[in-house]
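These notes concern the structure reproduced below.
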Amino acid sequence: MSGLSELLTKFSQTHGTSGYEDNVRALVVREFKKLVDEIEITPLGSVIGIRRARPSPKSSRRAETSRLLVEAHMDEIGLLVTGIEDGFVRFDEIGHFDPRVLPSQNVLVHGRKTLPGVIGSRPPHVLSAADRKKSLALRELFIDVGMSDARVRELVRVGDFITIDRNVIALQNDFVAGKAFDDRSSLVALLEFLRLVQRVNHAWDVYAVANVNEEDSATYVGALTSTFRIRPHMAICLDVTHAQQPGLHDDAAPTTGAGPCIARGANVHPRVFEKLRAAAARATLPHQITVYGGDTETNAWLMQVAGEGVPTGLVEIPLRYMHTSVETIHLADVTHTAELLGALLQTLTADDAKDLQGERFVRAESKRARAKPKRVVRTPARGKKLKRK
């Protein structure tokens, strides 16, 4: 997995918070150029890579080819300069950080010149016993870049963005840790998917999208606008989800290394879920199921309401320590996510596009609901109930 690991390292160590994704966008464009037929950039800065359908020689290309959108967001959580006090930089957050993980972090202040710095705070020696037991608020933290007040003011302005400065660490057994794996690991899975299908026949056009502004927006504006522009027949959101770790206390949480998670629930179109699960089973790919009763807190939440509505699915990579500088994943989960997408693409036909549309989908679901329940056969030897095929 050396190539995959190298690509993940490159994306993780590129800096770009919500609204300041320029460096990441340039990297996405360079990688897309190797794998797609066309590239478009939306007014907000999301990148759309289009790979046209490659139908098999035996099939005839339809006048209007169906469109599959697969997306991941390119932005990361970060910080924003709010003021300068005696040469120290005050800041607020872009997205959401847990303030407990910020003190003593290395950072980069992206001003007129990129400045390395460290996040400092009052030392415990000068705090009261009560204050030492409390988490520090953002307003109590500051960044030290080692310069005079006048020099900092020359190079740094209010509104400049700040990122954590952290290199990817290779752990044992194909685990890796680093910053911004939410959602750069999904971006790498998207690129690996495009690489896998280079020599594969597929009936649908593929729209691979790297979206902006996921972490800072309750309306997921990057995904909403790019989905509206594409008007796909089916959309798949790629993101990360909380994996089992000490202190999570959730036996149902996914496990790292056990494959990507196929989401099910109110935010996921039932037919898209079934297509994903069937593709995973057919290709014998390891996978897990996550369940959401409401908002998945991913781009999928608003992708499904773009235009007249888009049948949307969600595939997630299990991740430990989300929204810290040491987010940890298993490389195999990234690979299997790409393979799942490839398996799905190869199953899609013109009939699938029709089945996902309005009245035909509703009637199919109603017919399924009215079907008689399958007779249950009891096996005397073991007393287990088996469904007759």
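The values are calculated or read from the model by the stated rules, or taken from the named source; none is laboratory data. Everything numeric in this text was worked out from a predicted model, so none of it was measured. Ideal geometry is used to build each Cβ from the backbone, glycine not excepted, and the neighbour counts take in all protein chains shown.
Does Ser226 fit the bill of being of a type in the set (Ser, Thr, Tyr), in the same structural domain as Val29 (by TED's automatic domain parsing) and surrounded by 24 or more Cβ atoms within 10 Å (Cβ to Cβ)?
Considered against the rule, which asks whether it is of a type in the set (Ser, Thr, Tyr), in the same structural domain as Val29 (by TED's automatic domain parsing) and surrounded by 24 or more Cβ atoms within 10 Å (Cβ to Cβ), Ser226 comes out as yes.
Can you tell me how many residues within segment 171-184 are more than 12 Å from Leu4 (Cβ to Cβ) and part of a strand (DSSP E or B)?
Looking only at that region, the number is 3.
Within segment 22-50, how many residues turn out to be surrounded by fewer than 18 Cβ atoms within 10 Å (Cβ to Cβ) and within 17 Å of Arg184 (Cβ to Cβ)?
Within segment 22-50, residues that are surrounded by fewer than 18 Cβ atoms within 10 Å (Cβ to Cβ) and within 17 Å of Arg184 (Cβ to Cβ) number 5.
Report yes if some residue within segment 343-366 is within 29 Å of Thr9 (Cβ to Cβ) and part of a strand (DSSP E or B); otherwise report no.
Of the residues in segment 343-366, the ones within 29 Å of Thr9 (Cβ to Cβ) are 343-345.
Next, from what is left, pick out any that are part of a strand (DSSP E or B): none.
Within segment 343-366, not a single residue is within 29 Å of Thr9 (Cβ to Cβ) and part of a strand (DSSP E or B).
Looking at (1) surrounded by fewer than 17 Cβ atoms within 10 Å (Cβ to Cβ); (2) of a type outside the set (Ser, Thr, Tyr); (3) under 24 Å from Thr312 (Cβ atoms); (4) not assigned by TED's automatic domain parsing to the domain that holds Val334, find the lone condition where Glu85 falls short.
The one condition Glu85 does not meet is (3).
Kindly indicate whether Val156 is in contact with a strand residue (DSSP E or B) (Cβ under 9 Å, 6 or more places away or on another chain), outside the structural domain of Ala300 (by TED's automatic domain parsing), modelled with pLDDT of 95 or more and under 21 Å from Thr14 (Cα atoms).
yes
Taking Ala72, is it in contact with a Ser or Thr (Cβ under 6 Å, 6 or more places away or on another chain), of a type in the set (Gly, Ala, Ser), in contact (Cβ under 8 Å) with a residue 60 or more places away in the chain and crowded, with 22+ Cβ neighbours inside 10 Å?
Answer is yes for this residue.
Over 32 Å from the mean Cα position of the chain (by Cα), modelled with pLDDT under 95 and of a type outside the set (Gly, Ala, Ser): is that true of Arg132 in this structure? Reasoning before the result, please.
Numbers: over 32 Å from the mean Cα position of the chain (by Cα): yes; modelled with pLDDT under 95: yes; of a type outside the set (Gly, Ala, Ser): yes.
Answer is yes for this residue.
Search segment 54-74 for residues being modelled with pLDDT of 95 or more and among the hydrophobic types (A, V, I, L, M, F, W, C), and hand back the single one that is farthest from Asn211 (Cα to Cα).
Of everything passing the filter in segment 54-74, Leu68 is farthest from Asn211 (Cα to Cα).
Out of the residues in segment 1-55 that are in contact (Cβ under 8 Å) with a residue 12 or more places away in the chain, of a type in the set (Lys, Arg) and assigned to a helix (DSSP H, G or I), state the one that is nearest to Val176 (Cα to Cα).
Among residues in segment 1-55 that are in contact (Cβ under 8 Å) with a residue 12 or more places away in the chain, of a type in the set (Lys, Arg) and assigned to a helix (DSSP H, G or I), the one nearest to Val176 (Cα to Cα) is Lys10.
Residue-by-condition table, conditions (1) over 14 Å from the mean Cα position of the chain (by Cα); (2) more than 17 Å from Gly313 (Cβ to Cβ); (3) surrounded by fewer than 19 Cβ atoms within 10 Å (Cβ to Cβ):
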| site | (1), (2), (3) |
| --- | --- |
| Trp204 | yes, no, no |
| Ile230 | yes, no, no |
| Leu238 | no, no, no |
| Thr255 | yes, yes, yes |
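What pairs can you find where one residue is in segment 146-174 and closer than 30 Å to Met322 by Cβ, the other is assigned to a loop (DSSP other than H, G, I, E, B) and hydroxyl-bearing (Ser, Thr, Tyr), and their Cβ atoms are less than 6 Å apart, with a gap of 6+ or different chains?
From residues that are closer than 30 Å to Met322 by Cβ, the pairs are Phe161/Tyr20; Ile164/Ser325; Arg166/Ser325.
Of (1) outside any strand (DSSP E or B); (2) at pLDDT 95 or above; (3) surrounded by fewer than 24 Cβ atoms within 10 Å (Cβ to Cβ); (4) among the aliphatic types (A, V, I, L, M), Leu187 satisfies all except one. Which?
Tallying (1) outside any strand (DSSP E or B); (2) at pLDDT 95 or above; (3) surrounded by fewer than 24 Cβ atoms within 10 Å (Cβ to Cβ); (4) among the aliphatic types (A, V, I, L, M), Leu187 fails exactly one: (3).
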